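To keep things clear, I will list the structure first and then write my remarks on it.
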Amino acid sequence: MVSLKKKIATILILNWDGKHLLEECIPAVLSAIRVAGGKHGILVVDNGSTDGSVQFVRERFPEVKVLELNRNYGFVGGNNRGVETIETEIVVLLNNDMVVDSGFLAPLLDGFTDGAVFAVTSQIFFENTAIRREETGKTRGRFERGFFTLWHDDIDNSEAKRSTLPVLWAGGGSCAFDREKYRQAGGLDDLFQPFYVEDADLSYQAWKRGWKCLLAPASHVVHKHRATSGRKYSHGFVDNTIRRNMYLFTWKNLTDLAMLTEHLVNLPRIHGSAVMDRGGAFEIRAYARAVLKLPEALSKRLSGFKNYCLTDAEVLTRSQQ
């Protein structure tokens, strides 16, 4: 039975040397909390910043809690450590380069309509409206010729009016999680450190457990894309890490024997396509970095198998209906 009790959330903002981003991010979240009503709170998890972020938050926003970490634990480590300190039923993970709309919170909370909902994510817009929206929040995926392809799809007018629609994964920078389910699923996986694909992995694990991930189109955020990682890492390293992590995602999550066989048979073609597109050095580096983590990926794949009740094919179907 659906609980009519108003859900209370903690908005966890992960920060690393992002004082300039918090100046815009936090006031927008405070405004959204006032609009939504309720005793929601904000927790800034600081990943060992050296730019005065912690002092800035404590002086400018005394109502905001701060978890000051001794070093940078990355996207996974910072968020997981923050979630462990939270007691509210819902936790909203928000990157510091996200600026939320004043009405962003209520649609997320309203999406938790039954006990099978794992996460509810926001519709994403870019600050620069002239560029193509590579992110929308409507996440999709397919397994074709032995490999996963993940993308964000366009949201049409009829979908924009819906309260929720299923998505393959909830974007880790602007989504609400059922805190207890998050913990049961093990949280974000440090297999994917330092960044990217870990939110897709967690959501995929949730789907395989019989839970579901939803998009609430009425919840809007503006993403200043890669505002933190783009300053700290080269675009080449970021793209290579995403490629590495797609191999790890496949090796950890794929349990359908026919699909796994298809992946192994198609590896030469998968490599060849990447070499043609990105160059040999790029693909060799990404694959070698993935192979170094193969034992860990396979170990986690085996340990998670006992919790699954949906096949890979069922996940891909149900998440895109």
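The values are calculated or read from the model by the stated rules, or taken from the named source; none is laboratory data. Keep in mind it's a predicted model, so treat the numbers as computed, not measured. No Cβ is skipped: glycine too gets one built from the backbone with ideal geometry, and neighbour counts run over all protein chains shown. To get the accessible areas, we keep the full protein, side chains included, count just its heavy atoms, and leave off ligands, DNA and RNA. Shrake-Rupley method; radii C 1.70, N 1.55, O 1.52, S 1.80 Å.
For the reader, a short list of remarks on this structure follows.
- Dmax and Rg, reported as Rg then Dmax, of the stretch 163-295 (C-alpha, Å): 16.4, 45
- Hydrodynamic radius of the stretch 124-175 by the Kirkwood approach over all distinct alpha-carbon pairs: 12.5 Å.
- Beta bridge orientation in the chain: antiparallel %, DSSP, nearest 5: 40
- Expressed as a whole percent, the accessible area of the stretch 29-188 that falls on carbon and sulfur atoms is 44 (1.4 Å probe).
- Kirkwood-based Rg to Rh ratio, the chain, C-alpha trace: 0.95
- Among the GluC sites (Glu not before Pro) in the stretch 38-68, those located in a DSSP loop and surrounded by at most 14 other Cβ atoms within 10 Å of their own Cβ are E63.
- Principal-axis tilt of helix 294-304 within the chain, Cα atoms, nearest 10 degrees: 70
- Residues R71 and N266, FRET efficiency given R0 of 51 Å [Cβ-Cβ distance, rounded to 0.05]: 0.80
- Cα long-axis angle, helix 280-292 against the chain (0 to 90 degrees, to the nearest 10): 80
- From helices alone, the chain scores -12500 deg cm²/dmol at 222 nm; the rule is -39500 (n - 2.57) for each run of n ≥ 4 DSSP H residues, then divide by the residue total.
- Computed from Cα atoms, the angle from the helix 19-36 axis to the main principal axis of the chain rounds to 70 degrees.
- Relative contact order (percent, whole number), the stretch 135-206, Cα cutoff 8 Å, 6+ residue spacing: 27
- Pairwise FRET efficiency - L302 versus E134, Cβ, R0 = 51 Å, nearest 0.05: 0.90
- The stretch 24-71 - charge dipole about Cα centre, Lys and Arg +1 at Cβ, Asp and Glu -1, debye rounded to 20: 200
- Beyond 21 Å, the tail of the calculated P(r) for the stretch 19-132 holds 42 percent of the Cα pairs.
- Length-normalised contact order for the stretch 1-115 - Cα pairs under 8 Å, 6+ apart - percent: 42
- Relative contact order of the chain, defined on C-alpha pairs under 8 angstrom at six or more residues apart (%): 20
- Probing with 1.4 Å while keeping every protein chain in the model, the per residue accessible area of the stretch 29-94 equals 48 Å².
- Listed residue pairs exceeding 32 Å between alpha carbons, taken from K7/K224; K65/K252; K232/K293; K232/K252: K65/K252
- Amide proton proximity set for I11, modelled H, under 5 Å, gap of 5+: G41, I42, L43, V92
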